[in-house]
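Colleague: Have a look at this one.
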């Protein structure tokens, strides 16, 4: 007879105190505060130990960095964020859905 697995079992975390969401929020708040004090992306990056592209990404996510490209990124993100079913989304935007059916062996979700 097989032993039943206990819930919560498995491999222990190497860093149980690590919280990616918390770290992201702290980085974002720090970047926004420095950006509000009119520092350049390069200077903010040097201050936080990040590269300027990552700083720009954080500021776009926070909604404080505005540009035409940033607006397109936000709109695209919001549009696809609402999509719950990846398969339906792909097939609805496809001219030939039967093509995807033939690729079922590559991606089990299709």
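The values are calculated or read from the model by the stated rules, or taken from the named source; none is laboratory data. Quantities reported herein were computed from a predicted structural model and do not represent experimental measurements. Glycine also receives a Cβ, built like all others from the backbone with ideal geometry; neighbour counts cover every protein chain displayed.
Colleague: Among (1) at pLDDT 90 or above; (2) loosely packed, with under 10 Cβ neighbours inside 10 Å; (3) part of a helix (DSSP H, G or I), there is one condition residue 38 misses while meeting the rest; what is its number?
Modeller: (3)
Colleague: Could you check segment 47-88 and list, in sequence order, the residues that are at pLDDT 85 or above and in a loop (DSSP other than H, G, I, E, B)?
Modeller: Those that are at pLDDT 85 or above and in a loop (DSSP other than H, G, I, E, B): 49, 50, 51, 63, 64, 65, 66, 67.
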